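Okay, structure first, notes after.
The values are calculated or read from the model by the stated rules, or taken from the named source; none is laboratory data. What you see is a predicted model, and the numbers here were worked out from it, not measured in a lab. Positions of Cβ are backbone-derived with ideal geometry, glycine not excepted, and every protein chain shown enters the neighbour counts.
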Amino acid sequence: MGCVHGTGRKCCGHHPKTLSSSEGADIRDVGDVSNHIHPHEDHQVVFNERSLEITRVPSHNFHLEYSVLTQRGYYPDSPDKENQDSFCIKTQLQGNPNLHFFGVFDGHGQFGTQCSNFVKDRLVEILANDLTLSEDPVKAYNSAFLATNSELHDSIEIDDSMSGTTAITVLVIGGTLYVANVGDSRAVIAVKSPTSGVISAEDLSCDQTPFRKDEYQRVKDCGARVLSVDQVEGLKDPSVQNWGDEENDGGDPPRLWVQNGMYPGTAFTRSVGDNTAEKIGVVAVPEVSMVQLTPNHLFLVVASDGVFEFLSSQAVVNMVRPVIT
């Protein structure tokens with residue numbers, strides 16, 4: 001979910017076997033959103049009629065297989081709405097064969113496309129120029145997101161006052177994944193139980209929305225009003241600060257508003273850009289998680305809320321699994 005001014009939804013998956021669908025993607029295409037890590041011979045193969053690229057991780061003797069799909073979502077009332085999604089794949093970052101970057105960027109607002117393209121280019125450039133990246137990826141990630149956000153604010157060509165982008169990115173350093181998230185896109189890894197053989201979805205990021213009590217309190221402390229559209233319009237009691245959970249009650253989600261206005265209406269609590277929303281607590285500080293890869297990790301899906309607004313993490317893994325495993 002983006003902001004009420006219009007959000008570009010996207011679904012992009014990258015990684016080990018990475019496929020990326022796009023904005024509010026047609027659910028029939030979700031099977032194409034996947035990432036899969038596992039040893040493979042050197043060659044190019046076709047995954048679900050889409051080419052897979054392969055890059056080595058020699059330090060841990062495995063290959064990453066990845067592919068991307070991005071497409072415009074289904075908007076019957078806006079047939080000419082553009083796809084505001086973008087993605088970035090950079091293998092062998094800094095010339096290091098064990099260092100690879102994958103990112104999905106979901107633009108929103110009038111200049112969402114420009115914002116997502118700006119961020120996908122600058123974020124990886126800043127990371128690539130940080131000589132401490134391999135030694136302290138968490139610190140490098142934080143610095144890169146904040147620097148990119150500052151540059152976007154200062155851009156003469158892009159007005160990010162009411163536009164911006166979310167970002168879900170994965171950095172592969174040898175056998176370790178570092179997942180940095182800003183916003184409500186998501187990274188999910190499929191894990192096979194060594195005892196039962198059951199394949200479960202494990203979230204590698206946590207959606208940053210007012211549904212989260214910690215994020216809700218943080219933006220409230222920064223002066224945000226947190227209300228659904230129905231509450232803002234007087235159709236529901238604004239004093240009720242309980243919206244259920246995101247998966248089952250996302251039709252009219254809680255949004256962020258300034259105290260005396262009907263804007264910006266963002267459904268997320270973190271993003272890159274959104275200069276106006278920064279005044280009420282929206283920040284570009286990423287949450288970074290780390291996963292040490294094992295043979296039980298089958299594939300990784302990186303996608304925007306164009307997928308996860310409609311499907312649970314487990315449902316996505318269940319749809320991708322027959323195509324990959």
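Looking only at residues in segment 72-97 that are of a type outside the set (Asp, Glu) and assigned to a strand (DSSP E or B), the one that is surrounded by the fewest Cβ atoms within 10 Å (Cβ to Cβ) is LYS90. Kindly indicate whether GLN114 is on the phi < 0 side of the Ramachandran plot, more than 13 Å from the chain's Cα centre (by Cα) and either buried (at least 24 other Cβ atoms within 10 Å of the Cβ) or not β-branched (Val, Ile, Thr) (or both). In short, yes.
In this structure, does THR209 turn out to be modelled with pLDDT of 95 or more, within 18 Å of ASN149 (Cβ to Cβ) and of a type in the set (Ser, Thr, Tyr)? Considered against the rule, which asks whether it is modelled with pLDDT of 95 or more, within 18 Å of ASN149 (Cβ to Cβ) and of a type in the set (Ser, Thr, Tyr), THR209 comes out as no.
The residues on offer are VAL191, VAL182, and the sole one that is at pLDDT 95 or above, assigned by TED's automatic domain parsing to the domain that holds HIS108, within 29 Å of ALA140 (Cβ to Cβ) and surrounded by fewer than 24 Cβ atoms within 10 Å (Cβ to Cβ) is VAL191.
Quick check on segment 228-240. Is at least one of its residues within 23 Å of the chain's Cα centre (by Cα), assigned to a loop (DSSP other than H, G, I, E, B) and over 29 Å from THR176 (Cα atoms)? The answer is yes, given that some residue of segment 228-240 is within 23 Å of the chain's Cα centre (by Cα), assigned to a loop (DSSP other than H, G, I, E, B) and over 29 Å from THR176 (Cα atoms).
Conditions tested, residue by residue: (1) modelled with pLDDT under 85; (2) of a type in the set (Phe, Trp, Tyr); (3) buried (at least 18 other Cβ atoms within 10 Å of the Cβ).
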position	(1), (2), (3)
PRO16	yes, no, yes
GLY24	yes, no, yes
VAL33	yes, no, yes
GLU41	yes, no, no
LEU52	yes, no, yes
THR70	yes, no, yes
GLN110	no, no, no
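Residues in segment 276-325 that are crowded, with 24+ Cβ neighbours inside 10 Å, part of a helix (DSSP H, G or I) and within 15 Å of the chain's Cα centre (by Cα): ASP305, GLY306, VAL307, PHE308, VAL316. The residues in segment 175-222 that are assigned to a loop (DSSP other than H, G, I, E, B), out of contact with any Asp or Glu (no Cβ under 8 Å at 6 or more places or on another chain) and either charged (D, E, K, R) or touching a residue at least 12 places away in the same chain (Cβ under 8 Å) (or both) can be counted, and the count is 7. Evaluating GLU233 against the criteria (1) surrounded by fewer than 20 Cβ atoms within 10 Å (Cβ to Cβ); (2) in contact with a Pro (Cβ under 6 Å, 6 or more places away or on another chain) leaves one unmet condition, (2). Within the set ASP274, ASP305, ASP252, ASP245, the sole residue that is in the same structural domain as GLY223 (by TED's automatic domain parsing) and within 30 Å of ALA147 (Cβ to Cβ) turns out to be ASP274.
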